[in-house]
Structures are given as C-alpha cells and as structure tokens.
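Right, one structure below, let's go through it.
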Amino acid sequence: MPHPMLTLGIETSCDETSAAVVEGERRILSSIVASQFDLHSRYGGVVPELACRRHVEVISQTVESALDEAGVALGDIGLISVVKGPGLIGALLVGVSFAKALARSTGTPLIGVNHVEAHLYSAVMSNMPAGAGEGIEFPAVGLVVSGGHTMLFLMEDFGQYRWLGGTVDDAVGEAGDKVATLLGLPYLGGPLVENLAGGGNACAIDFPRAMMQRGNYDFSYAGLKTAVLYHVKGYAGARRDESVVTDAERADIAAAYQAAAFEPLVTKTLWAADEFAARSAVVCGGVSRNQTLRAMFTDAAADRNVRVYFPAKALCTDNAAMVAGLGAWRAARFHDEVTDDFDAFPNFETFGSFEGYRDPRKGRRKKAQ
Ligand code: KG4
Ligand code: ZN
C-alpha cells in the first residue's frame with residue numbers, strides 16, 4: 001500500500017543524478033547524490049551531452065539505492081517529485097521522463113517543482129524541523145547562490161516570493177570556479193578557493209565590489225573575474241609571469257576575491273531585510289557551504305534584528321531531498337500542481353505565488369505569470 005507521507009524526489013538539472021525519500025515534508029529517510037565530477041573534471045566544466053548520457057545510465061540505480069537506503073519499496077511511495085527546471089534542458093528531460101514513466105506505470109501521483117525554490121526549501125528543511133511556524137520567521141529575505149544562480153527574493157511566506165534581483169552576468173559560484181582555474185586549482189574550485197583563502201589576507205588586494213548602489217538588488221561578477229585575471233597575469237602592477245605568483249600571493253588573491261565576491265551578497269541581503277522589515281534571511285545553494293560567507297552573514301546580521309539561516313551542509317549543493325520535501329509541501333497545499341501534465345524548462349521561470357520577475361541579463365521586465 002502506498003504511504004501517503006512518503007515522497008520520492010528526483011533531481012537531474014545539472015551534473016548530479018540524485019534521488020531521495022522524504023517522510024512528510026522534512027524527514028529525510030535517504031538521499032543519494034551520484035556526482036559526475038569524474039566525468040567533467042578533465043574538461044574544466046559541465047559538458048551537457050555527457051551529463052545527459054550519464055543521467056540516463058545511472059538514474060534507475062540511483063532511485064533504487066534511495067529506496068533501499070530508506071528501507072521502502074516503490075509501492076510504498078505516495079508521491080513522486082521531480083525538478084522540471086531551470087537547468088540543462090537535456091538533463092532535466094531525463095529526470096522528468098523517468099519520473100513520468102515511473103508515476104504512470106505505478107499509478108503514483110506526480111509533481112514537478114522548481115529547482116531554485118527547492119534550494120530555498122532546503123533551508124526550511126534544515127531549520128524548521130519541528131513544524132511550520134517555528135524557526136524561520138516571515139517575511140524573510142531569500143538568497144540563492146550556486147553555480148548557476150545568484151538571486152535575491154523577498155519571501156512574504158514560504159511559497160510566496162517577490163523577485164528583488166539577480167546577477168546580470170555570471171553566477172557567484174561560477175565566478176569562484178573560474179577564479180580557481182586562474183589560481184591553478186582543479187575543477188569545481190569554489191571549495192578549493194575557500195581552503196586557499198584560509199591562509200591569505202583578504203585586505204591585501206582591493207578587488208572591485210560591483211553594483212553597490214543602495215536599493216539595487218542585482219549582482220555582477222564578470223568585472224571581478226576580469227580583475228582577478230589581470231592581477232594574476234600581472235597587469236595590475238609590475239608585469240610578471242603567471243608562474244611566478246607565489247603561494248602566499250595566491251592565498252591573498254583567493255581571500256581578497258572571496259571578500260569582494262561575498263560583500264555585495266551580504267550587504268544587499270541585509271539592505272533588503274531593512275527595506276522590507278524582514279526578521280530572517282535564508283542563504284542557500286552550493287556557495288552557502290562556504291564558511292567565510294556564513295561568518296560574514298552572521299557577523300553583519302548580529303547587530304540587527306535579523307537571523308540568518310543556512311541549510312545543513314549536505315543540502316546546500318544539488319540534492320533530491322530538497323526536491324522531495326518541496327514536492328510534498330506544495331502537493332499538500334496546491335492540489336492542481338499534482339499532475340503529469342508539465343514540461344521541462346531550461347530558464348528560470350516564475351514559480352508558486354510569485355511576482356515581479358525580470359531577467360536581469362536581458363535588462364527588461366517580464367510579466368509575472
Ligand atoms: O547548488 P549547486 O550544487 O549547483 C547549482 O545549482 O549550480 O552549486 C555548485 C556551486 C559550484 O560553483 C561550487 O564551486 C560552489 O557551488 N561551491 C562553493 C563551495 N561549495 C560549493 N563555493 C564556495 N565555497 C564552497 N565551500
Ligand atoms: Zn542548484
């Protein structure tokens with residue numbers, strides 16, 4: 001007999017094939033993340049076609065492992081929740097097609113959810129374990145910082161968002177990965193930049209903080225990336241060969257980069273908290289694993305009436321537990337969303353009760369849907 005409280009989550013939006021079983025809206029029974037790190041590392045970035053092929057290869061086994069680890073059978077699952085976007089379209093289609101086939105063949109209800117909202121939900125799962133209304137207080141400000149996204153929302157409640165801003169060029173996680181490459185670190189260097197920065201002096205170099213006008217909630221990382229490039233190449237001072245950058249200088253560059261990358265995130269999130277009288281700030285996505293970012297947020301919020309919440313570390317990067325939890329949460333409230341009549345979508349789209357989205361990369365207003 002299906003257990004109405006058990007949700008199987010499936011996530012294939014980028015380079016992680018992930019499946020998880022969640023009881024109710026929050027209790028994680030299993031969470032399997034099959035990383036494709038080995039596949040993409042030699043290319044220095046995610047190769048979409050390879051990612052899709054790998055998803056096809058491992059998705060069955062990943063779902064099987066999630067069920068096994070949770071100690072449940074497919075017949076026990078009461079709901080399947082899958083990410084329908086945004087992400088790499090081919091990669092999304094693998095998860096969506098698999099979930100639709102599984103739902104149809106087993107008669108299990110299905111819901112498609114938004115990946116960005118799932119990141120926001122990861123903080124709810126980690127910080128509101130005892131039930132709705134505890135932990136995070138609303139209105140809250142929500143910041144999503146990952147390899148693909150840098151977005152700031154006002155969350156009037158969970159499920160009710162107002163778009164405040166986003167990056168006009170690169171995402172902060174992507175910038176960190178590029179800086180890592182400039183510093184000679186291997187693929188997926190964000191965490192390695194963090195380690196290197198631990199031994200450096202953040203004040204040694206004054207890299208630019210972009211778009212720091214009050215009331216502007218957009219972000220930009222292209223200029224910072226270029227500034228680091230010029231510095232490493234020696235254009236900033238005496239012209240030097242890249243190979244003569246010492247370890248101490250690399251550590252200083254890493255630390256100074258992090259300070260310049262994170263300051264706009266912290267400052268603008270807290271500006272938004274002030275402007276909208278938010279009591280909580282929710283910071284999530286892969287980059288929210290970063291200890292320096294966490295410390296900067298906690299320090300800056302300490303003398304204001306704002307509490308900052310982060311997801312558990314395992315829930316910061318892409319995972320299906322947040323997808324299962326969000327699916328269960330939405331299915332309980334928005335019954336018409338429980339359907340297999342949906343498409344995968346590559347670009348960020350409005351979701352839930354949401355207003356005010358404009359694509360900052362295009363610089364024009366999009367109507368809320
Ligand atoms: O959320 P995520 O797994 O995928 C996307 O939805 O994009 O985020 C991955 C990103 C990568 O850019 C990775 O370098 C970054 O998160 N990241 C970090 C850290 N851990 C992961 N960046 C800085 N410091 C970290 N500790
Ligand atoms: Zn993500």
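Any read-out appearing in this document is the output of simple, stated calculations on the displayed coordinates, not a laboratory observation. Just so it is clear, the model here is predicted, and its values are computed rather than measured. Because the Cβ atoms are built from the backbone with ideal geometry, glycine has one as well, and the counts that use them run over all protein chains shown.
Distance from the C-alpha centroid of segment 105-184 to that of segment 1-42: 16 Å, rounded to the whole angstrom. Quick one: check the C-alpha center-to-center distance for segment 299-369 versus segment 253-269, whole angstrom. Measuring centre to centre over Cα atoms gives 23 Å. Cα gyration tensor of segment 261-367, axes a ≥ b ≥ c as square roots of the eigenvalues: rounded (a/c below 1.5), prolate (a/b > b/c) or oblate? In terms of gyration-tensor shape, prolate. The charge dipole of the chain, taken about the Cα centre with unit charges on the Cβ atoms of Lys, Arg (+1) and Asp, Glu (-1), comes to about 820 debye, rounded to the nearest 20. Spin-label model, residue 216 to residue 137: label points 7 Å out along the Cα-to-beta-carbon direction sit 3.3 nm apart.
Once the Cβ-Cβ distance of residue 101 and residue 353 is raised to the sixth power relative to R0 = 25 Å, the FRET efficiency obtained is 0.25.
Between 0 and 90 degrees, the angle of helix 247-275 with respect to the longest Cα principal axis of the chain falls at about 60 degrees.
Among the lysines of the chain, pairs at least eight places apart or on separate chains and with Cα atoms under 15 Å apart come to 4.
Multiplying the sequence separation of residue 181 and residue 226 by 0.36 nm and subtracting their Cα-Cα distance, what value in nm do you get?
Result for the pair: 14.9 nm of gain on full extension.
When exposed loop sites are taken as trypsin sites (Lys or Arg not before Pro) in a DSSP loop with at most 10 other Cβ atoms within 10 Å, the longest stretch of the chain clear of them is 1-213. With 0.36 nm allotted per residue and the present C-alpha distance subtracted, the residue 27-residue 50 stretch has 5.0 nm of extension available. Computing FRET efficiency as 1/(1 + (r/R0)^6) for residue 336 and residue 76, where r is the C-beta to C-beta distance and R0 is 22 Å, gives about 0.30.
Per-residue 3J(HN,Hα) values for segment 32-39, derived from phi via the Karplus relation 6.51 cos²θ - 1.76 cosθ + 1.60 with θ = phi - 60°, read 10, 10, 8, 6, 9, 3, 4, 6 Hz in sequence order (x marks Gly and Pro). With R₀ set to 35 Å, the beta-carbon distance separating residue 244 from residue 38 gives a calculated FRET efficiency near 0.60. With the simple model of a label 7 Å out from the Cα in the direction of the Cβ, residue 195 to residue 314 spans 2.1 nm. When the alpha carbon gyration tensor of the chain is reduced to an equivalent ellipsoid, its three semi-axes come out at 35, 24, 18 angstrom, largest first. Rounded to the nearest 5, the antiparallel percentage of DSSP beta bridges internal to segment 19-132 is 50%.
For segment 91-181, GluC sites (Glu not before Pro) are listed when DSSP marks them as loop and at most 12 other Cβ atoms sit within 10 Å of their Cβ; the list is 134. One chain, two ends: residue 203 and residue 69. Fully extended at 0.36 nm per residue, the span grows by 43.6 nm beyond their Cα-Cα distance.
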